[in-house]
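Please read the structure below before turning to the comments.
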Amino acid sequence: DAGNGEQLYECPMCSLTCTSIQILEEHVDLHLEEHSFSEGGNMSDLELAQRLQTEEDKRQRLEEEKREREEFKKLQRQYGLDSSGGYKQQFLRNMEREVDRGRMQPFEYHKRKADMMECLAFGIDDGKTKTSGVIEALCKYYQNENKDVRHVWLSAGVDHFHSSLGDRGWGCGYRNFQMLLSSLVQSSLYNDCLRDTTLIPSIPKIQSMIEDAWREGFDPHGASHFNHRLHGSKAWIGACEIYSLLTSLRIKCQIIDFHKPTGPMGTHPRLFEWVLRYYSTDNEGGAKVVCTSKPPIYLQHQGHSRTVVGIEEKKNKTLCLLLFDPGCPSQEMQKLLKQNSDRTSLKLLRKFVGSLKEKQYQIVAVDGVLSLEEKAARCRASRVLTSEKIP
């Protein structure tokens, strides 16, 4: 007591008296900090800094691992490698949405579901996205119209298939295979190879056929990428899977890799020149329109694939590919079948050099039949599956 009624507080370390408990606490803290410094406080600060840095590194590493997991899951979803189901599940979900939105009646839902289940049971496509006769219509169109076209070469007859409720967003590779196959089954050259494939297979059936090719030993590296499983998934396929499937059927084909642009502004004129040689070799002459016996060509780039069904050569020597795109609906393709079809309708198909500016393209081109020995040799070679690169 200071004698005037004021409470005093004595420091236990140096006997200094303080007039409030708060002042005493601050004073004692100074003693403790001084003691810590004299006992090697600088080392403690260093250790603290190291510990904080270690914890920060650990936090950043955990966040990076989380981002990588999320990115991997995103890629799995994007390329159909997650467990969200395949063609059948997507078809049913999309039909249910159509019913919920009032765009489909329940009786139509049940009928289409029954039709789908029947087609899947038999492994055949239902044909509801198919448009036939476009090549024949193009032949008539070019014979009567298009004064600026010097020559046009068309592939053998091919049906167009577009994506449906079951494969929208991921099925382009399968639909292009259906287009290619629709041409091959019309040629007697491939009768022996395709005697078990007289009807166009459904997408789940094509997935099983690719798995069969893998089990035969084709492209083990590619098979491992898909964990040897396609059926029941929404996995995207590309040129290597098409090559493996065709070769397993004893259909002779090759992959050509246009691995970098060969023209200005990121264009690929060598691709157009290759397609011209493919169609015009053995089909030269003075005719303006040449309907060849060549099968269509599978064309792949990052994220999408299409089918080449012909090529135009203009009078000024420029080239224009004719492409079937599985993203184009039947209603649009059927406009090409009308007798009064005009240049506007052809915009669906025509692609000039400046229109194809992806970094890389791959094509799969069919050219005959393999013997059993040739098939076995290609199976062995596909263990290191390579493509011919155009320099």
### Task
Return the FRET efficiency for the residue pair MET265, ILE21: r is the Cβ-Cβ distance, R0 is 51 Å, and the value is rounded to the nearest 0.05.
0.05
### Summary
Residues whose modelled amide H sits under 5 Å from the amide H of SER293, counting only those 5 or more places away in sequence or on another chain, are none
### Query
On the accessible surface of the stretch 130-389, probed at 1.4 Å, how many percent belong to carbon and sulfur atoms?
49 percent
### Task
Any chance you could give the angle, 0 to 90 degrees and rounded to 10, that helix 87-100 forms with the longest Cα principal axis of the chain?
80 degrees
### Task
For the chain, find the longest principal axis of its Cα atoms and tell me its angle to the long axis of helix 41-78, 0 to 90°, nearest 10.
20 degrees
### Task
Nearest 5 is fine: what % of DSSP beta bridges in the chain come out antiparallel, could you say?
85 percent
### Query
Around ALA381, with a cut-off of 12 angstrom between Cβ atoms, what is the net charge of the other residues, counting Lys and Arg +1 and Asp and Glu -1?
+2
### Task
Please work out the average accessible area per residue across the chain, using the 1.4 Å probe convention, and give it in Å².
55 Å²
### Query
Around LYS294, what is the net charge, scoring Lys/Arg as +1 and Asp/Glu as -1 over all other residues with Cβ under 12 Å from its Cβ?
-1
#### Entry: Calculated from backbone phi, Karplus (6.51, -1.76, 1.60) coupling profile of the stretch 319-335 in Hz, x at Gly/Pro
10, 9, 6, 10, 10, 9, 10, x, x, 8, x, 4, 4, 6, 5, 5, 5
### Message
Using a Gaussian network model on the chain with a 10 Å cutoff between Cα atoms, which of GLU47, GLU241, GLU273 fluctuates the most?
### Response
GLU47
### Query
If you compute volume of the Cα convex hull per residue in Å³ for the structure shown, which of [x] 155; [y] 294; [z] 241 do you land on?
[y]
### Query
What angle, in degrees between 0 and 90 and rounded to the nearest 10, separates the Cα long axis of helix 21-38 from the longest principal axis of the Cα atoms of the chain?
70 degrees
### Query
Using r as the Cβ-Cβ distance of LEU194 and LYS58, and R0 as 56 Å, what FRET efficiency do you calculate, to the nearest 0.05?
0.40
### Label-point separation in nm, GLU136 to SER293, each point 7 Å along Cα→Cβ
1.9 nm
### Query
Tally Lys and Arg at +1 and Asp and Glu at -1 over the other residues with C-beta under 12 Å from the C-beta of HIS268: what net charge comes out?
+2
### Task
Could you pull out every residue, at least 5 positions away or on a different chain, whose amide H is within less than 5 Å of the one on CYS18? Hs are placed 1.01 Å off N in the peptide plane, and Pro or chain starts have none.
TYR9, GLU10, CYS11
### Query
Quick one: if the Förster radius is 25 Å, what FRET efficiency do ARG350 and HIS225 give, using the C-beta to C-beta distance and rounding to 0.05?
0.15
### Query
Could you give the length gained on full extension between LYS66 and ALA121, defined as 0.36 nm per residue of separation minus the Cα-Cα distance, in nm?
15.7 nm
### Task
Filter the cross-link list LYS234/LYS294; LYS130/LYS288; LYS147/LYS288; LYS128/LYS252; LYS130/LYS357 down to pairs whose alpha-carbon distance in this structure exceeds 20 Å.
LYS234/LYS294; LYS130/LYS288; LYS128/LYS252; LYS130/LYS357
### Query
Pick from ARG195, ARG378, ARG306: which is most flexible by mean-square fluctuation in a GNM of the chain where alpha carbon atoms under 10 Å apart are linked?
ARG195
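The values are calculated or read from the model by the stated rules, or taken from the named source; none is laboratory data. In this text the structure is predicted, and so the values were computed from the model without any measurement. Note: ideal-geometry Cβ built from the backbone for every residue, glycine included; neighbour counts use all protein chains shown. The protein model used for the area step is the full one, side chains on, heavy atoms only, and it has no ligands, DNA or RNA in it. Shrake-Rupley method; radii C 1.70, N 1.55, O 1.52, S 1.80 Å.
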